[in-house]
Amino acid sequence: MFYREAGQFKTSYEADQQVFPILQDKIGIGAILIIGLVVVPLTGSDFMITSIMIPFLIFSLATIGLNILTGYAGQLSLGSGAFMGVGAYACYKLTTIFPDANLVVLVLLSGFFSAAIGMVFGLPSLRIKGLYLAVTTLAAQFFLEWCFIRVPWLYNYNASGAIEVPERTGFGGIILSGPAASPLTRYFLVLGLVILITIIMKNIVRGRVGRSWMMIRDMDIAAELIGVRPLVAKLSAFAVSSYVCGVAGALMVFSWLGAAEPAAFSINLSFQILFMAILGGLGSLVGSFMGAAFIWILPVLIRFGMPAVGIDIAAETVEHTTRMIVGALIIFFLIVEPHGLVRLWQIAKEKLRVWPFPYV
Amino acid sequence: MDFLYSIFVDPFVQMVQMPDFLLQVLWEGIVGGILYALIALGFVLIFKASGVFNFAQGIMVVFAALTLVGLYEKGVPALAALVLAVGVMALLAICVERFVMRPLVNQPDIILLMATIGLTYFLVGLGEFIFGGEPKVMIANELGLPSGSVVLEPEGWGPGGSPGLISLQKIDIAATVIAAIMIVALAIFFNKTRIGRALRAVADDHQAALSVGISLNQIWAIVWFAAGVVALVTGIMWGARSDVSFALEIVALKALPVLILGGFTSIPGAIVGGLIIGVGEKIGEIYWGPLVGGGIESWLAYGIALVFLIFRPQGLFGEKIIERV
Amino acid sequence: MNAATETAVAAEATGEPEVMLKVENVSLSFGGVRAITNISFDIRKGEIRAIIGPNGAGKTSMLNVINGFYHPQEGVITFKGAARSKMRPYEAASQGIARTFQNVALFKGMSTLDNIMSGRTLLMKKHFFWHLFHYGPARTEEIEHRRKVEEIIDFLEIQHIRRAPVGRLPYGLQKRVELGRALAMEPELLLLDEPMAGMNLEEKEDMSRFILDVNSQFGTTIALIEHDMGVVMDLSDRVVVLDYGKKIADGTPEEVQANQDVIDAYLGVSH
Amino acid sequence: MGVAMAALTGAWTAPAFAEDSIYIQMPTYRTGPYAGSGIPIANGMVDYLNMLNERDGGVGGVKLMVEECETGYDTQKGVECYEAAKAKGTVVFNPWSTGITLQVIPKAGVDKIPVLSMAYGLSAAAEGNTFPWVFNPPMTYWDGASGVIKYIADKEGGMDKLKGKKIGYIFLDAGYGREPIPLLEKFAGEFGFTLMQYPVPPKEMQNQSSQWLNVRRDQPDYMVMWGWGAMNPTAIKEATKIRYPMDKFIGVWWSGGEDDARAGGADAKGYKTLNFNAVGSEFQALSDIKAKLIDAGKSQTDAGKLGENLYNRGVVNSVIVAEAIRVAQEKTGKKVITGEDMRVGLENLKIDEARLKELGLEGFMAPMAISCGDHSGHNMMYVQEWDGEKWVKASEWFEPMTDVVKPMLAAAADEYKTKNAPWPERTEACAN
């Protein structure tokens, strides 16, 4: 009744090819944007913004990156954590070399470094497929992690072996990073970049390039017979995916953590991102947000919510329970809907479409 | 020039000058390799029978060992704890079959892989919840495993003609022997028993196996149990070498390159692959590692597997894949 | 190239039909197993050429050789006058060869519309950069190709399933979408691998009509593999018969039907 | 939805201190690969503060509200704990991980939360004038490294005897283990010994046979270890395996857990580590913990583990916290103090023999003092030795080589300042 597209006619292909052709979707996305841009900044506490919203957005971005590669191009990767690391270290190097440059520009530039590295490690995908490829991406993960420790130039020879975020300003003296950057500034910076990159990714995946990725994913042989060059398609997917992951990594350090040891980009981060992508739904940008929300926000809610509602248990028990619940929920969701949360959402929408008279 | 020398000549000079040390390195590599191979073996068992890439094998190793030690610490005698731990692995196998495998039958590979990663999360939480997070000392002595070492001192094998020193830990020797026994036992199990034949039938073709009256559910429970027992043995051996803690989980990832070398379905492949990786990474780390600051062991195994795959995408024992349209 | 043009001109001049693809002495084997032995035939521009034979005769392998998926150990393939050696499938595609598959090879995760759009891949040239913003040239291009794709959708009468994910479509419709995808490539030579397998009579009639229409309306040359002899004999201009990887007959449907070897090979299936 | 969530998060992160209590968040890790070291420390920290609540009704008559926050030694969760602690108004933050410490160092000054990284974290943070909000008493890693070298020289019979010696350094290949390297390298140059490095990647903590094979080949005269968590027991086992002389194997204070040495069994006899707290439970304060908490079932501590090294380490941390609160109360005249008051308290902290006696901790730790410019104090340490079953004291209390360390710390602090420019100048006044 509320979600019905009857009566909304399209008279041109332009109109038909919009991202949100249905009026209700437009209203929905508008509402989400208003919540993100106005409601959260006005009502959210610092804790909510810094520990829930900022990481959620950054993880969403990284998940979009992985989704490009795994969801759209069908190449399973366990190395996204390391590619995020490349972005973070690149951004750190850039900001020490060009301390006066606008941080946003540097963050966007740093993605190109991880794109380049991503392409190098994407080369084996031309011969290796499926789970075998997944294991070879572990080579990238562990090798890069080793480099983050073993190449002191990357962290400016800091005795601590970590990268520390200096204070950087931009847009007329607003402090964008470092301890003095306000949570709201960091939030808007992250939100802005996430929105920008999401729009760009949506454009890529609905056009020729995105289609060529999906062709390779769904049936690589047929794709090749239609004229897709596997080399170009796979490497471009690795490049775009690593770019997005790289930007997410740079944001993770500059807008969220504030400093990072190599361990921050460990295999666990890669798994975290992979969970988000799969649970949200492979091959869906909306799903990336849903997956990130599920994997990041749910444990935080359990961790801080259980004591808040009066269930008083030891901190580590909360941690154990969280793990068990998240693990069980992952299995549960895979059983209920292997195509992820986004598929559940679609089913819900289809139900709404005919509600309340499903048989008319 | 010096650089080339240090890469292409010096390591070999070192090997020749200290043969006892080289042998020791090889031995350590073999022992490490066998432990990787044991983990890989658990993967292979499950993959063969159900096509599931069981990511949780590593954590099952920790979980099994923790159960054993945890029970012992709670006052159960060592051997009884061992039997109980086997029982727990059986229970785990039944639960996994019932609550994970059965509802997910016929799903794509990646979904099943993800489910086992979910299982990993769950088991980590459960293990720490029940037994706590402290590393535990493996009850190797109580189980009757040997301790101490056998020391060989071959004349003139040390540096400059001095007597050499090769020290073999008895526990490592035991691990090698037990691994060998287990492989033979598995081979007999697969080839000679009714269940073994059913397993092979399932591995070949699920549909066909079903049509001759083999219960898939039963078979899956059995392979998960077999993998659980392999995990328990692995856990005991590895636990005796270091300690039982969740940090082992990451070491277990090394079984993945082993699988790549050996192929996902080959038991001999897992063993040979394990040995290649184990020896390869030790030799690499000891003789070439210092050139780049050491610590290359963390990725060398994956590097070896990657290079290998580029030239032989089907693995050591896999058949050449002919693509069809 | 010049030589090719010349022969074409010469062929026209003499009234001989122009040869589009020529297969000469091609042999293919997989690790000792011979799939195709020393086969030669040609496909003329504008004709419908059928390749028939019992199961395992090497028909699909032949198509795979033609569009570059398999590389024959021996023999030469000449397409539009240019001989070629090792060629990747996407190069065949860019030269104007399209095909459908025995087991439908659609992109299961995409809608009908996107599947047919995917056939336009090679015809879309706009730079990656524009795609980032879905603006300017990239957008104009998408719209323009969308128009073409809609024409194909109309032609194949599949408007109602435009948005449906192809994985959920019945088999007959999937086959039709696959044909649409091949047509979207605007091919000069269209290879159809058992386009009517598993269809009922009505669907077969529809498909036959589409094949004839494609041939006559767009002037596309068609090579098809089919088991239904009735369809083959009605549709095709010339037929080549394979058995155990060897060519046993080649000619018009009437000639082939009368050939004793063919009758033997089919053992009673023949009429 | 956003509003609802905001309300929810607001509910549990609202300032938690009531009128008459002081909120202290304790990031701990009872899970993850480092839990083996983390659990006894967590127990020690929490028990001491809770015991003060039970016995004395808190500090200065104000109850302490102690809450653990599980980090799992993970930097992501560490930051989350910090944000939660900030929202709830903790008076001090103990990161208990070098990675988390590095993350919060720049934030501390902005958020006005003193960071106490007791004998870990960034060594340079000892420079109070550069890092007014960070404290790392009783000494830094560089003090520790200098102490090890001093101890070795002592055994060899003088600094000049170090010439030509080979000293191996096996360390966790992360910020923590890399921290002492600059100092060790400087010493190697100055005293003429060779420093050989054996990094252990965190992933390979339990798989150290390569490192120890290298040790066997290189035959260093001494081995120094900077290990943590599961790395320690594995290293000790491997050392016994290659028959490395255990009395020449010296760990930092974080490599001295009972469980660590126990893994090596009787073979580990002779293994040494630095320490700055006593081992054992024969102290009045610990007896109080046993009586008031453990016996009353109000603690997670296993009675048998009371008095173990890392447990006592946790207690030291809480002694520093509690004493700083007391000093802060005295200095400011307030009962319920804030983070800013706590900073003042820490900066004026002085725990002398007499005070230790009052606390029922005579001989439990060396007297220590922190000052405005020196946030570490470079206090005394000693060497303990594993006798096969327990730790025994193997040296007198001795001082680090402060004269060498201090200028290096100053230089390092300056370097940090330039690398993280613009680094804020100290605005907090000294000694009030």
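Any read-out appearing in this document is the output of simple, stated calculations on the displayed coordinates, not a laboratory observation. The structure presented is a predicted model; accordingly, all values stated were derived computationally and were not measured. No Cβ is skipped: glycine too gets one built from the backbone with ideal geometry, and neighbour counts run over all protein chains shown.
Label positions at A:ALA31 and C:GLU91, each projected 7 Å from the Cα along the C-beta direction, are separated by 5.6 nm.
Close amide-amide hydrogen proximity is noted between D:TYR23 and D:MET65, D:VAL91, each under 5 Å apart and 5 or more residues distant or on a separate chain (H modeled in the peptide plane; Pro and chain starts excluded). Under 22 Å of direct C-alpha separation, and excluding same-chain neighbours fewer than eight residues apart, B:LYS282 reaches these lysines: B:LYS170, B:LYS254, D:LYS203, D:LYS237, D:LYS241. Listed by Cβ neighbour count within 10 Å, with the fewest neighbours leading, B:ARG241, C:ARG147, A:ARG206 appear as C:ARG147, A:ARG206, B:ARG241. Volume per residue for segment D:14-83 equals 76 cubic angstrom (convex hull of Cα atoms). Hull volume per residue, based on the alpha-carbon atoms of segment B:2-311 and their convex hull, is 148 Å³. Applying 1/(1 + (r/R0)^6) with R0 = 22 Å to the Cβ-Cβ distance of B:TYR5 and A:ALA116 gives a FRET efficiency near 0.10. Annotation: Cα Rg of segment C:97-186 relative to the compact-globule expectation 2.2 N^0.38 Å equals 1.09.
Placing a label point 7 Å from the Cα of D:GLU358 along the Cα-to-Cβ line, the residues of segment D:326-348 whose backbone N sits under 20 Å from it are D:326-337, D:342-348.
Summarise the long-distance tail of P(r) for the protein assembly as shown by giving the % of C-alpha pairs beyond 52 Å.
Numbers: 328960 of 962578 pairs.
The proportion of pairs with Cα distances above 52 Å equals 34 percent.
With equal scatterers on the alpha carbons only and no solvent term, can you work out the Debye log10 of I(q)/I(0) for segment A:1-75 at 0.24, 0.27 1/Å? Scattering profile of segment A:1-75, log10 relative to I(0): -1.02, -1.10. Contact order for chain C, expressed relative to its length and based on alpha carbon pairs under 8 Å spaced 6+ residues apart, stands at 26 percent.
Here is the size of chain C from its Cα atoms: Rg then Dmax, 19.3, 64 Å.
Out of every Cα-Cα pair in segment D:141-275, what percent are more than 22 Å apart? Let's see the in-between values first.
Details: 2559 of 9045 pairs.
Taking all Cα-Cα pairs of segment D:141-275, the fraction more than 22 Å apart is 28 percent.
Could you work out the Rg to Rh ratio of segment D:278-400, with Rh taken as the Kirkwood radius (inverse of the mean 1/r over all Cα pairs)? Result: Rg/Rh = 1.00.
Sorting D:MET196, C:MET196, D:MET381 by the number of Cβ atoms found within 10 Å of their own Cβ, with the fewest placed first, yields D:MET196, C:MET196, D:MET381. Across segment A:1-159, Cα pairs under 8 Å and at least six residues apart give a relative contact order of 21 percent.
Enter the mean number of other protein chain beta carbons within 10 Å of the beta carbon of each residue in D:79-91, as an integer.
That average works out to 4.
If R0 is taken as 60 Å, the Cβ-Cβ distance between D:LYS163 and A:LEU23 corresponds to a FRET efficiency of 0.10. Rounded to the nearest 10 degrees, the angle from helix D:98-111 to the longest Cα principal axis of chain D is 30 degrees.
Shielding of peptide B:286-293 by partners, expressed as the average count of other chain Cβ atoms within 10 Å per residue Cβ, is 4. By the beta-carbon count within 10 Å of each Cβ, the least crowded to most crowded order of B:ASP2, C:ASP228, fewest first, is B:ASP2, C:ASP228. Charge dipole (Cα centre; +1 on Lys/Arg Cβ, -1 on Asp/Glu Cβ; no other charges) of the protein assembly as shown amounts to roughly 1140 debye. Once both labels are positioned 7 Å from their Cα atoms along Cα-to-Cβ, the gap between C:TYR171 and D:THR332 label points is 8.0 nm. Straight-line reach from C:LYS80: taking Cα to Cα under 16 Å and skipping same-chain neighbours fewer than 8 places apart, the lysines in range are C:LYS22, C:LYS45.
Give me the net charge of B:ALA81's neighbourhood, meaning all other residues with Cβ under 10 Å from the Cβ of B:ALA81; Lys, Arg count +1, Asp, Glu -1. Numbers along the way, then the final one.
Working: positive: B:LYS74; negative: B:GLU73, B:GLU142.
With Lys, Arg at +1 and Asp, Glu at -1, the net is -1.
Given the DSSP H assignment, sum -39500 (n - 2.57) over each helix run of at least 4 residues in the protein assembly as shown and divide by its residue total; what's the result at 222 nm in deg cm²/dmol, nearest 500? Write down the numbers at each step before the final one.
Details: 56 runs with 731 residues, N = 1388.
Mean residue ellipticity, 222 nm, calculated: -16500 deg cm²/dmol.
Computed from Cα positions, the angle between helix B:57-73 and the longest principal axis of chain B comes to roughly 90 degrees.
Amide H to amide H, with H built 1.01 Å from N, C:MET87 comes under 5 Å of no residue 5 or more places away or on another chain.
Taking only the C-alpha atoms of chain D, Rg followed by Dmax gives 21.1, 71 Å.
If only the Cβ of Lys and Arg carry +1 and only the Cβ of Asp and Glu carry -1, the dipole of segment A:1-75 around its Cα centre is close to 80 debye.
In percent, rounded to a whole number, the relative contact order of segment B:2-311 is 36, using alpha-carbon pairs under 8 Å and six or more apart. Within straight-line reach of D:LYS165, meaning a Cα separation under 16 Å, sit the following lysines at least 8 residues removed in sequence or on another chain: D:LYS150, D:LYS155, D:LYS186, D:LYS248. Among the residues of D:256-265, the average count of other protein chain beta-carbon atoms within 10 Å of the residue beta-carbon is 2.
Hey, got the dipole for segment B:2-311? About the Cα centre, +1 on K and R Cβ, -1 on D and E Cβ, debye to the nearest 20? Kindly include the intermediate steps, with their values, before the conclusion.
On the way: 13 positive and 20 negative charges, 258 e Å.
Here segment B:2-311 has a charge dipole of around 1240 debye.
The translational diffusion coefficient of segment B:6-135, from Stokes-Einstein at 20 °C and 1.002 mPa s with a Kirkwood hydrodynamic radius over alpha carbon pairs, comes to 122 µm²/s. A full extension of the chain between B:ILE173 and B:ASN141 corresponds to an added length of 10.0 nm, given 0.36 nm per residue minus the alpha carbon distance.
Quick one: grab the alpha carbon gyration tensor of segment A:20-265, order the square roots of its eigenvalues as a ≥ b ≥ c, and give me rounded if a/c is under 1.5, else prolate or oblate depending on whether a/b is larger than b/c.
Working: a/c = 2.23, a/b = 1.21, b/c = 1.84.
Cα axes put segment A:20-265 in the oblate bin.
For the protein assembly as shown, the list of Cys residues with no other Cys C-beta under 4.7 Å reads A:CYS91, A:CYS147, A:CYS245, B:CYS95. Summary of packing: across the peptides A:242-252, B:18-28, the per-residue average of other C-beta atoms within 10 Å ranks them, highest first, as A:242-252, B:18-28. Could you tell me which of the pairs C:LYS86/C:LYS125; B:LYS74/D:LYS305; D:LYS272/D:LYS350; D:LYS163/D:LYS393; A:LYS26/A:LYS202 are separated by over 19 angstrom between their Cα atoms in the structure shown? Checking Cα-Cα distances, C:LYS86/C:LYS125; D:LYS272/D:LYS350; D:LYS163/D:LYS393 exceed 19 Å.
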